[in-house]
Structures are given as C-alpha cells and as structure tokens.
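Below is one structure, written out as structure tokens; comments come after it.
The values are calculated or read from the model by the stated rules, or taken from the named source; none is laboratory data. Note that the structure is a prediction, hence the values are computed from the model and not measured. All Cβ positions, glycine included, derive from the backbone under ideal geometry; neighbour counts span all protein chains shown.
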Amino acid sequence: MTLLDVEDLAVTFPVEDGPDVPAVDGVDLRVEQGKIHGLVGESGSGKSVTARSIMRLLDGAEVSADRFDYRGEDLYAKSEAEMRRIRGDEIAMVFQDALSALNPVMTVGEQIAEVVRHHGDVDESAGLLSELRRKYVTGTNESAPSWRRAVDLLETVGIPDPEEIATSYPHQLSGGQRQRVMIASALGGDPSLIVADEPTTALDVTVEAGILDELRRLCDEFDVAILLITHDLGVVAETCDHVTVMYSGSVMERGTTAGLFENPAHPYTKGLLRSIPEGAPSEDGPLATIPGSAPEPTERPAGCPFRDRCPAAFDACSDPLPEHVVDGGEGHVARCHLYTEGDDPGEVTWETGATANGEATDAADRTPATEVTDG
Amino acid sequence: MSTDYGDADTFLGVRLDRFARLRETVAGDYKATFGLVTVVLFVLAAVFAPELAPYDPMAQEYAIMQAPSLSSAHPLGTDSFGRDLLSRLMYGARVSLGVSLGAVTIGAVVGVSLGVVAGYFGGWVDDALMRFVDVLWAFPWLLVAIMLVAVFGQGVWNVVVAIAFAYIDDFARLARGEVLSIREEEFVLAAKNIGLGDVEIMTEEVLPNAVAPLIVQFTVLVARAILAESTLSFLGIGVKPTTPTWGALLGQGRSLIGQAWWISIIPGIAIVITVLGINLFGDALRDAFDVRGEEGAP
C-alpha cells in the first residue's frame, strides 16, 4: 500500500532583495508501507527539504505539489491541529544529530515518555498542567505506563540496561545510544512512517551498521515505513527497498534498489556508483569522480540540472526533464533524454576521460553536444 | 491527588530524590552551605518572630535608650526609644524578606512570560512586547512607588507592586535573550515534529533550558529588592513608618550614627549577610540545575 504519494513537489524559499531559491523542483516520491525508501543525493540536492516538507514544518517556504497525499489524504489541506496529531502519531522524524535534537535538560526516559503520553495508547493525562508539574516538579512516575513504555522502547531499539539509561541525560550517552534513543522516541507514538534525516552520518561505521540493522528490523517487525535520507549509496544498497536519486532539486532516477543498482540508467547515477571506492585505492588509479560541482539553486541550467556536468549531454537536455520508465525493474524511472520509453539502461555507460576505454556508446551515438573529460 | 512513587520519599507530592543533585551541590560547597544556612536562619527568624523575639518590637523602655549591643539584657542593644533592636530586626525581616521575595516573584512571572513569548514568536509580537517592556524600563520605579503611595496610601502591597514593576524588564530581557538562542536549537524542531503546540514547546521544552540564568537573576534581584525596600522605607514611602523593616531601622539610626552606631549598622549587616547568602545559594542552585555540567555515563 502506498503510504505517502507526492507528485511534482516544488519548494521555493522567497528571498528578500534577491531571486527566490527553488530548493526542490518537480519531485515525485512514493513511499510504500513497511518498506525502506532511500532518498539519496549530494549536499544541497534538496533531499532534506523534501523530507521536511512532509512534516509541513518548513518556515517561510512556498510549497506546491500536484499531489501530497498521506494515506490518500492531502497533507497540505489539513488544519494545523490535525497536523499536530499526525506529527509524531503518524509520521515521526529522526534527526542526524541526536545530541542537539534531544532536549539537554531532560532525561531521555522523560522525553520518550512525553511522546508516549501525547500519542501513545496510555491512560495518562498529557494536559499542559500535568505535563508542567511533571517537568518542573515531580518527574514522570517510574511506575507510570508512559515510563514503562519508554523503557520498553529503549529495550526494543537495542539499548542494554534500559532502566538505567532512561534516567540519563543525553550528554551522558554515547553517539550510538543517543541515536537509538531518537529512534525509540520516534517510535513512541506508533507512527506508520519514520522520516530519518541522515540518521547515521554522525556515527562511525560500526555503530552505523548497528543502527541500520535496527531500522531494517523495526521496519520488518512493526511494518513501519522509513524514508531514509542519506548521501551514502552504500547505506542505500544495504538497507533500502526503493531508492530515489536526487540532484540539484530534481529527481534523476528512481526504482527498486536492486534494479537501480544493477541497471543504473541516468548518467548521474552511473557517475555516483562509479565513484564508490572499492578495495585498495592504488589498484585502479585515482578515485573516480564526477567533474565539476552542483549548481546553485538559482543558477541551474534550463532543462536537466545535470546537463553541464554530464558526459552524454546533447541538445535535447535543455528541454524539460522527461519521465521514462526504463527496463531496470518495476517502476524504474530515469529522467533523462537519452532514453525513450522502455529502453534498456544497460546500453548506456559512463565512459569519459580517465576511465574511457574508447568504446562508442549509445550515448555518444545520440550526438552529445559537449565532450566532458575528467579533470 | 495521590500519586504512588514506589519507594521514593515524597514531601507534599514532590519526590525528594529529585533534589539529590541540589543536596550534593550544596553539601560539596562551603559557600553554598553558608548561603543556604544563612537564608534559612533569616527566614526562620522572620517566620517565628512572634515566638522567638525576646521583646515586643514596639515596647519602649525609656530607661535604657540607645543601649549599646552586648551591654544589657538587649543582646543587640536598643534604639532611641529604648526598643529592643534584635526583636525589631526579626520583625523587620518579615517585611523585608516577604516584600522582596514577593516582588521579585511577581516581576519574574510577568517578565519571564513576556520575554519567552517575545523571544519565541519574534517578529511583531517581539517588537510590541519588548517596546512595552522598554516603557516599563524607562519609567523610574521610585516615581511609580511615590505615585502608588500617593494614590493608595502606604502599604505592603504598594511596595511589592512598585518593586515588581521595576524588575519586569530585567526578567523579560534575560528570558527573551535565552529563548532567542534556544528556539533555534534542533530539539525545538524535534518537539514540533512530535506534534507539540507553541504553548507546550515554550513551557515544556524551551523554558527548562533557560532556568539556570533566570535563577541567578532571581537571587540577584531578591538581594536588590531588599535594598529597594530599604530605600523606600528609608525615604519614608515604604510600608507604614512605625512598622519595623530593615531599611526603616537603618534610616532611623542614621542621625544617631555618631552616638549609637549599632542602630543603623546592625540592620545594615543583616542586609549584607542576607544578600550575600542569597547570592551564594543562587550560584549553587544554578549549578544544580545545569545538568550539562556533569560529565560521564551514570
């Protein structure tokens, strides 16, 4: 079942005395229940803005979309009161830096219990006065259902000795523990969708692997959908069922993780996959890169934003982005003019400069307008 | 409301183990211990003045006018009407401490509310509220006191209101400044993301993070309020002139400073010790509330 269905999302930040900044332009996103959907892209590609638009918490942004449905209902048609119920209760957010996303002066148990009282199924008052009384005077009773649930949640996310950790402050925990606490707190309202904004970027790889396993397990066990924002294709390959690749505010390619990784279609995706370091650095010469850098949102070329860096760019690339289903598995869409509907993406490869082996490619046959070489 | 807290000791529904940090902080710091002991002693002396005071503070004894300290049956001596200075000091503490605590509490509640709302919402709300606070600040509080006394006559509440009025802007500015930086923190965004409303975020998430500096401000201003009350009494626009307050005692003794220094010096010492004690205790309170100062896993 499709939980979140977004079509043609555009987010613009109006700027006084300056051109408006179109952070996101024409993004489609479909998140299925109980699946992990990876939203991958480099810094500034608009993946976080896309994610935060789901919470409707983008201050000062102009958001428009042809469709922005959660469970078939338009999120942007809801009242603020309804949104407050949805936040935490239906859709929860996990932040990159758990240390700053947790309240430093409250114990972590208190913070999770608060979410549980607001959204969970416990018979405890979450009224303002009783919350204030708890916060400033009594604290949450350790035999109260919300506190018990908080301890259970800490155990669920794999925290050893949850009773003890629940009474700790965020700064007393390790980075991995804090991120697990964030996840526990996101689970506090029994959400159907968790938006995880680079949840493992601040962690080292072994801890990262633990957190990703945890997310995978929660997803399978509780049928929670996760929108996993990351810039790490390795994370996507290990964790996600579906993946959407973003570049400079637009979706470049999307599909199942297996289909997209086996048969990458878009030159950008290919470039990214080619840039993943493998083995010892000296074996294949210098690390492959995509030459150039992403354009500023205000200076994007017309048509495909990747045009100026693309080795296969040709005249048609200044036309608006197309939407081509390609033969890389179910729902595999490449937004690239190189293709016509149903093409086999395997025919096109990224071959320029340092790694070029001289083979003529389909891309070249389609008369690219510029020749790009690696710097 | 009866709540079961399991094994934890409670007092009036407040779990005592929540104050373990405060107890440790105070016990581990002799300045804080001194501050707490001083404040508690003075408060007890004030509260139980009718029971503890050796004499009626109003009883005049013409035989022993201006008796020096430690010289007679009056441990701190007597004033120019032969009234026992120790008793007057204890009764004076009731007014001085009561007025200053009351005034600063009112100023804190009003000022912090204004400041938190202004800082949290920003924009025109901030502008409107802070200009209002500026007006309060620009208004000389002594004039307010004189005006209140002129309109309503002398009384404790007029003094409380006049002093509270003077401190609203201090609390408002401090709270606003704190909130301005706290509201940009990610945990505020996280709180919005779990569906908390503005009022809940302000009171439950933001304010607890601003408590430490506000407590320090509170203790500093209690000290200043004692001086302010003394000022008003000294000028004769405080509480009724016959009521003993520390400021009034000090004021009455000033013309006799050459012959009987203790009449004004002893209330002055009481003020200094109390102010010092409150400030020292305030520092300990701030340390106890600042959970981030503590390092290491539990």
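Structure data summary
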quantity: Among (1) modelled with pLDDT of 90 or more; (2) outside any loop (DSSP other than H, G, I, E, B), the one test that A:P191 misses; calculated: (2)
quantity: Test: residue in region A:136-152 that is of a type in the set (D, E), surrounded by fewer than 19 Cβ atoms within 10 Å (Cβ to Cβ), out of contact with any His (no Cβ under 9 Å at 6 or more places or on another chain) and without any contact (Cβ under 8 Å) to a residue 40 or more places away in the chain; calculated: yes
quantity: Residue selected from region A:100-116 under the condition of a type in the set (A, V, I, L, M, F, W, C) and at the interface with chain B (Cβ under 9 Å from one of its Cβ atoms), by the criterion farthest from A:W147 (Cα to Cα); calculated: A:A101
quantity: Breaking point among (1) closer than 16 Å to A:V94 by Cα; (2) of a type in the set (A, V, I, L, M, F, W, C); (3) more than 11 Å from chain B (Cβ to nearest Cβ), for A:F222; calculated: (1)
quantity: Members of region A:163-184 that are surrounded by fewer than 21 Cβ atoms within 10 Å (Cβ to Cβ) and facing chain B (nearest Cβ under 9 Å); calculated: A:E164, A:T167, A:S168, A:Y169, A:H171, A:Q172, A:S174
quantity: Long-range neighbours under 7 Å by Cβ, at least six apart or interchain, first residue more than 20 Å from B:G82 (Cβ to Cβ) within region B:47-60, second among the small types (G, A, S); calculated: B:L52/B:A45
quantity: Tally of residues being of a type in the set (G, A, S) and closer than 21 Å to A:E90 by Cβ across region A:39-64; calculated: 3
quantity: Considering residues of region B:220-249 that are surrounded by fewer than 23 Cβ atoms within 10 Å (Cβ to Cβ) and under 21 Å from B:A45 (Cα atoms) only, the residue modelled with the lowest pLDDT; calculated: B:T242
quantity: Options B:V216, B:V211; residue that is under 24 Å from B:V40 (Cα atoms), away from chain A (no Cβ under 14 Å) and at pLDDT 80 or above; calculated: B:V216
quantity: Candidates A:Q179, A:Q111, filtered to the one that is touching a residue at least 40 places away in the same chain (Cβ under 8 Å), touching a strand residue (DSSP E or B) at 6+ places or on another chain (Cβ under 9 Å) and not in a loop (DSSP other than H, G, I, E, B); calculated: A:Q179
quantity: Helices (runs of 4 or more DSSP H) lying entirely in region B:196-298 (those with 2 or more residues that are closer than 30 Å to A:P160 by Cβ); calculated: B:207-235, B:262-289
quantity: In region A:69-103, the residues that are modelled with pLDDT under 90, farther than 26 Å from A:D223 by Cα and in a loop (DSSP other than H, G, I, E, B); calculated: none
quantity: Residues of region A:1-17 classified as under 20 Å from A:P305 (Cβ atoms) and free of Cβ contacts under 8 Å to residues at least 60 places away in the same chain, total; calculated: 7
quantity: For A:P291: the one exception among (1) surrounded by fewer than 17 Cβ atoms within 10 Å (Cβ to Cβ); (2) touching a residue at least 24 places away in the same chain (Cβ under 8 Å); (3) out of contact with any Lys or Arg (no Cβ under 7 Å at 6 or more places or on another chain); calculated: (3)
quantity: Filter result (among the polar types (S, T, N, Q) and at the interface with chain A (Cβ under 7 Å from one of its Cβ atoms)) within region B:179-208; calculated: B:N193, B:T203
quantity: Hits in region A:54-68 - residues which are part of a loop (DSSP other than H, G, I, E, B) and more than 19 Å from A:P14 (Cα to Cα); calculated: A:D66
quantity: Residue satisfying all of: in region A:288-345; modelled with pLDDT of 80 or more, of a type in the set (D, E) and assigned to a loop (DSSP other than H, G, I, E, B); farthest from A:P22 (Cα to Cα) among these; calculated: A:D319
quantity: Inter-residue pairs, beta-carbon under 6 Å, first buried (at least 20 other Cβ atoms within 10 Å of the Cβ) and in region A:185-202, second aromatic (F, W, Y), 6+ apart; calculated: A:D197/A:F95
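So that you can scan it fast, the table gives a plain yes or no per residue for (1) at pLDDT below 90; (2) more than 9 Å from chain B (Cβ to nearest Cβ):
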position	(1), (2)
A:H118	yes, no
A:D123	yes, yes
A:G139	yes, no
A:E142	yes, no
A:A150	no, yes
A:E155	no, yes
A:D161	no, yes
